[in-house]
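Just below is one structure, and these are the notes that go with it.
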Amino acid sequence: MMTLREKYQLLRARTEAICQGLEAEDFVVQPIGDVSPPKWHLGHTTWFFETFVLLPHAPGYPVFNAQYNYVFNSYYETVGARVVRTDRGNLSRPTVADIMRYRAHVDEAMGVFLTTERAFSPELRELLVLGLNHEEQHQELLITDIKYILGHNPLLPTYPTDYAKPAAPDLAAEKQWVNVPEGVYEIGATGQEEFFFDNELGRHKVYLPAYQIQRELVSNTEYLEFIEAGGYADFRYWHAAGWERVKAQGIKAPLYWHQVAGAWHQYTPAGLVALPLSKPVGHLSYYEAWAYAQWRGLRLPTEAEWEVAAPQLSWGSRWEWTESAYLPYPGFMKAEGAIGEYNGKFMVDQLVLRGSSEATTPGHSRATYRNFFPASARWQFTGLRLAKFN
Ligand SMILES: [Fe+2]
């Protein structure tokens, strides 16, 4: 079994490996509010360990730069004022080199601190594992944000992805359905698992009517049929908010799709490539996922339906939009202090996504994992699968 110190070092190295192909200018820009500059992620994940682990638990730790709390605090009101999220791209300082020095400073202190792992209380251990999982979440954000930054540059640059997992498998042309009988099922984390976020607690019963759910994700071929049938031009398939959005923004296909000489292409780290038809469709909003399901005369699964069927599903290459609003499970309580701000305060105006994506750090997700985004988000590796009542 790996020590926390070994896990920490591997994790931190992978974060930097994700940024390896970037030029200095790529680290700085913030083309939309959702996307943070890569250098900000590098600083913020470091700040997390400095603020929540070293300052309270490592006596005598010398703060690298007291001003960084303002720059790299993301959303923790408990920890004080911070740069407005949408201003992250306006920060020419600290420089990338300053932030790499900050990382080295914190890594050195963490390296020493983690040699005392044996003396850690269960609470401190839990906090450290949260810090590791937090940086894994930012690894995925780095991958999605780098893709957005370079994929919206008119030069459509290529970049290396040595850290990447194998690409999504090809999907079968014929969809198989998994049948789930009516019944009372249990979902959620029990609290005994090695790691879970607080939003997965606690395990509870749900009643599900009989339903069927597709074993595989929706493919580019299938989604293309919706586009070619005029799905984006027919209000009947859309929520009002979704319809307004596709009209106002002129959306006619998922993000990163380009038509070149009449043929659909997709932007990837290898540049523009012919749309891989048998791969899962990706980078679409909840509105688009829902409209597609409407057009097929089917629906999205709820998060409980997804979790109950999960052992029989093929998942892991796209975050899957569900029909479920992101709400607290029965008995959910926010933790005291800053860590209580991690998940609970976002339980409004968001939808749950299940599974994981090809950008997710290996081993980061599980069947009880609850990701969440607003209905309009498209920059993540989001996709869908279909369900129906029996
Ligand atoms: Fe964060």
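Derivation of every value follows stated rules applied to the coordinates shown; laboratory data play no part. Note that the coordinates shown come from a computational prediction; the quantities given were computed from them, not determined experimentally. All Cβ positions, glycine included, derive from the backbone under ideal geometry; neighbour counts span all protein chains shown.
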Shape call for region 44-179, from the Cα gyration tensor axes a ≥ b ≥ c (a/c under 1.5 means rounded, otherwise prolate when a/b beats b/c, else oblate), comes out oblate
Using the charge dipole of the chain (Lys, Arg: +1 at Cβ; Asp, Glu: -1 at Cβ; taken about the Cα centre), state which of Ala291, Ser121, Val83 has its Cα farthest towards the positive end.
Ala291
Label-to-label distance, nm, for residues given as Arg125 and Val84 (7 Å Cα→Cβ offset)
4.5 nm
Between Asp349 and Asn390, the FRET efficiency computed from the C-beta separation at R0 = 22 Å comes out, to the nearest 0.05, as 0.10
Determine the dipole magnitude for the chain: charges of +1 sit on the beta-carbon of Lys and Arg, -1 on that of Asp and Glu, nothing else is charged, the reference point is the Cα centre, and the result goes in debye to the nearest 20.
360 debye
State the Cα centre-to-centre distance between region 223-268 and region 283-362 in whole Å.
22 Å
Where does the Debye-calculated log10 I(q)/I(0) of region 165-295 sit at q = 0.10 Å⁻¹, using only Cα point scatterers of equal weight, no solvent?
-0.49
For the chain, what is the convex hull (Cα atoms) projected area averaged across all directions, in square nanometres?
19.7 nm²
So the FRET efficiency between His258 and Lys7, C-beta based with R0 = 51 Å and rounded to 0.05, is 0.80
To the nearest 20 debye, what is the magnitude of the charge dipole of region 338-390 about its Cα centre, counting +1 on the Cβ of each Lys and Arg and -1 on the Cβ of each Asp and Glu?
240 debye
Here are some pairs, Lys205/Lys334; Lys205/Lys345; Lys205/Lys247; Lys147/Lys247; Lys279/Lys334; which of them have Cα atoms lying more than 30 Å apart in this structure?
Lys205/Lys247; Lys279/Lys334
Compute the distance from the alpha-carbon center of region 70-135 to that of region 158-186, in whole Å.
33 Å
Value at 222 nm in deg cm²/dmol, rounded to 500, when DSSP H runs of n ≥ 4 in the chain each add -39,500 (n - 2.57):
-9500 deg cm²/dmol
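Translational diffusion coefficient, Stokes-Einstein: compute it for region 151-242 using the Kirkwood radius over C-alpha pairs as Rh, at 4 °C and 1.567 mPa s, and state it as an integer in µm² s⁻¹.
Details: Rh = 18.7 Å.
Rounded to a whole number, D works out at 69 µm²/s.
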